[in-house]
Amino acid sequence: MSRGPRLKSVDLQIDARWIAPVVPAKVLEHHSLIVDKGRIIDLCPTARARLQYQAKQHHQLGESIVTPGFINLHNHAAMTLMRGVGSDLPLQQWLEDAIWPMENAQVSYEMVSLGARWSIAEMLTGGTTTFSDMYFYPDAVAEAALEMGLRCQLATPIIDFPTAWATDAADGISKTLALHDQYKHHSRVTIALGPHAPYTVSDETFTKLRTLADQLNLRIQCHVQETQSEVDDAIKAGGERPLQRLHRLGLLGPDFQAVHVVALNDDDIALLAETNSTAVTCPDSNLKLASGLARTRDLLAAGVNLCIGTDGAASNNDQDLLSEARNATLLAKGGSGDATAMTLQQTLQVMTLNGARALGLDDEIGSLEIGKAADMVAINLSDPFLKPLTDPLAAVFYTARACVDQVWIDGRLKAEQGRPAGVDVNALARDVQRMRKTMEKS
């Protein structure tokens, strides 16, 4: 009696009703992802996978869609501890009257460590597998990310005046270089330069940062043109728009990530496109602070690498990138009057592959292609009120009933049914509540 062909032993097989790999830009039905040693080795019809592979772990997901892990390209993770502070204030008043005084009094290594772990737990359960952070004590954020298994870019805060982390820009740069030396060979932690904004950083400092970025192959992330008043003040003070100034100083380029970019004119968009710079939109934060709406349709049409971030929970107030993407795609349409703006596939790419490109990791993550790291998200679409369901991506981005069910990083299950693996969420929440009470008392 003859035997059938020998099945190949692999670590993980995920069968799903739908898989959206991003590359190619389509939704595959009744397919399976095959993972071994943390890498995707096959993406094929489920019927064929059953004849070829024997998996040590086999997840049959049913009415779910699997996508690449989400990439949150802008956050201030520790500010989860400031969730709700200064509600209903415009940006500058929010910063000057609510946030900066609390930071000056309360920011410490311990505060950042706890806030980062709380943020990462929330991001992880929402499908984020990689994030970029810009906050004080970035070494505490690095340790939290490694402990909980996420990838991160740490854009160290560089500001010309004293902060809780550095006495001035030179001190911030010195600490950044030490952190870079510590993590330069690490696969999950990347160090970047984080000049806060054109209105808090001098020409001299920006020039130094460009030199360092070129010498050490570092990326640069900066808040830019977050409000129209920022642009107006810059023109009044120096006769040029912030993006013009940054371009004159040599900052713009493929390694530059411009965050918020709400107050853009056509020349600004053309400049971002010509320099191959990245634009990062944070729609919920911009809506809450009434900063304005980014011209996402025009940025995409110009070929700008558009990404998405949550910003900090103090101005959002959550770390849910899927919710952020829903709002981004609806605002792109409503803000432009063009229903074809920011299509479903474009929205998925903005929160996955575009983020990977901005980080220089698009050969590693951002799409479910053979050879890439197995960073994956399963979104449950079994809610009866999603029926009739004809387009799974429409269910994901145009409803609030689709929910992240499972998250894998390097093929390891890191979150399931709203809980991060290996984390006592209730105990962490109690620590967070105690810390917040302490912050409010002093």
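Please treat every number below as a calculation from the coordinates, not as lab data. Source: prediction; values computed, not measured. Counting neighbours? That spans all protein chains shown, and the Cβs are built from the backbone with ideal geometry, glycine included.
Answer yes or no as to whether residue 113 is surrounded by fewer than 22 Cβ atoms within 10 Å (Cβ to Cβ), part of a helix (DSSP H, G or I) and hydroxyl-bearing (Ser, Thr, Tyr). Taking the combined requirement at face value, the residue satisfies it. Only one entry of 140, 155, 164, 144 meets the criterion of being in a loop (DSSP other than H, G, I, E, B) and either over 24 Å from residue 289 (Cα atoms) or in contact (Cβ under 8 Å) with a residue 60 or more places away in the chain (or both), and that entry is 164. In the set 440, 364, only one residue is assigned to a loop (DSSP other than H, G, I, E, B), without any contact (Cβ under 8 Å) to a residue 60 or more places away in the chain and within 25 Å of residue 117 (Cα to Cα); that residue is 364.
When segment 349-375 is limited to residues that are under 13 Å from the mean Cα position of the chain (by Cα) and of a type outside the set (A, V, I, L, M), the one that is surrounded by the fewest Cβ atoms within 10 Å (Cβ to Cβ) turns out to be 357. Scanning segment 285-297 for residues that are in a helix (DSSP H, G or I) and buried (at least 22 other Cβ atoms within 10 Å of the Cβ) gives 285, 286, 296. Among the residues of segment 304-316, the one identified as closer than 15 Å to residue 341 by Cβ and assigned to a loop (DSSP other than H, G, I, E, B) is 304. Of the residues making up segment 320-348, just one is without any contact (Cβ under 8 Å) to a residue 40 or more places away in the chain and crowded, with 24+ Cβ neighbours inside 10 Å, namely 332.
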